[in-house]
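Heads up, the thing below is written out as structure tokens.
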Amino acid sequence: SDLFRNGERAATHHPEFTMLEWYREGAYAGAMDDAAALMSALAAEAGRTRVAWHGSECDLGVVPERLTVANAFARHADGVDLLATAGDVAALAREAERIGARAAEGDRWDDLALRILAEQIEPRLGAGRPTFLVEYPAEMAALARLKPGDPRVAERAELYICGLEIANGFGELTDVAEQRRRFEADMALKERLYGERYPLDEDFLAALAHGIPDCTGMALGF
């Protein structure tokens, strides 16, 4: 489908773009399998599997790596233990300073985590073969369900090729009460930061109340 998002013009974003989005029943691992199969099939149809961008190369015919966010920080951000700092802004700020990342006054924990991710980790993802970055900290996955057995992380996955994120997916949160709590927390944050508060999406919450199956959504941009 053709989409329009105001205010997102950048080197890798345009206000008008095309996206393929799908849902499937079951765990989010299945949606990752779908994306990998689609990518491999398109590359084979085009007659070449290797692509290059900004000095990085990637073979789309190779099975993608699945790398947790915590392991990505440990590997590419000089051993930062992201989950050990969860919610502790001061602790993550100290780690940011140690590895040479910028920590600004007023930064929240997720601000710091996303900055380190963008500056030190993302450019290294999807080199050689595609990479699915998985198991995002719960603070970085507002619409995703938490991982069974480990509520520190959520069932969210992003697909990277040559340092560029091209797909985002997650296990859909179907708990109405939990989704309302997250919406309320997000609106409280917006009010604190920007002085404005917007109505909750009651239509969406009402739809959740009718019940939807255990499912995963994936969106792949072009």
Roughly how big is region 74-141's charge dipole about its Cα centre, with Cβ charges of +1 (Lys, Arg) and -1 (Asp, Glu), in debye to the nearest 20? 320 debye
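Per DSSP helix of 4 or more residues, -39500 (n - 2.57); summed, then divided by the residues of the chain. What does that give at 222 nm, rounded to the nearest 500? Please list the in-between numbers first.
Values: 6 runs with 72 residues, N = 222.
The helix-only estimate for the chain comes to -10000 deg cm²/dmol at 222 nm.
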Projecting each Cα onto the charge dipole of region 1-43 (Lys/Arg +1, Asp/Glu -1 at the beta carbon, about the Cα centre), which of Phe4, Met19, Leu42 comes out farthest on the positive side? Phe4
Approximate spin-label separation Asp150-Arg94, in nm, with each point projected 7 Å along Cα-to-Cβ: 2.4 nm
Please list the non-local residues whose amide H lies under 5 Å from the amide H of Lys147, H modeled 1.01 Å from N, same-chain partners needing a gap of 5 or more. Val153, Ala154, Glu155
Would you mind telling me which residue in Ala142, Ala154, Ala209 has the biggest mean-square fluctuation in a Gaussian network model of the chain, where springs connect alpha carbons within a distance under 10 angstrom? Ala209
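Pop out the carbon and sulfur fraction of the accessible area of region 80-173 as a percent, whole number, probe 1.4 Å.
Numbers: 1960 of 3940 Å².
Summing carbon and sulfur atoms, their accessible area is 50 percent of the total for region 80-173.
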Given labels modelled 7 Å from the Cα in the Cβ direction, how far is it in nm from Arg197 to Thr18? 4.3 nm
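Under a point-charge model restricted to the Cβ atoms of Lys and Arg (+1) and Asp and Glu (-1), what is the dipole moment magnitude of region 39-186 relative to its Cα centre, in debye to the nearest 20? If you can, show how the numbers build up before the last one.
On the way: 18 positive and 26 negative charges, 66 e Å.
Here region 39-186 has a charge dipole of around 320 debye.
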[x] 51, 48, 38; [y] 97, 39, 29; [z] 43, 40, 34: which one is Cα extents along the principal axes in Å as calculated from this entry? [x]
Accessible surface of Ser1 in the full protein assembly, 1.4 angstrom probe, to the nearest 10 Å²? 90 Å²
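Nothing charged except the Cβ atoms of Lys and Arg (+1) and of Asp and Glu (-1): what's the magnitude of the dipole of region 163-204 about its Cα centre? Round to the nearest 20 debye.
Values: 6 positive and 11 negative charges, 47 e Å.
Computed charge dipole of region 163-204: roughly 220 debye.
The values are calculated or read from the model by the stated rules, or taken from the named source; none is laboratory data. Small disclaimer: the values here were computed from a predicted structure and weren't measured. Note that each Cβ is placed from the backbone with ideal geometry, even for glycine, and that neighbours are counted across all protein chains shown. Quick note on the areas: whole protein, heavy atoms, side chains included, nothing else; ligands and nucleic acids left out. Shrake-Rupley method; radii C 1.70, N 1.55, O 1.52, S 1.80 Å.
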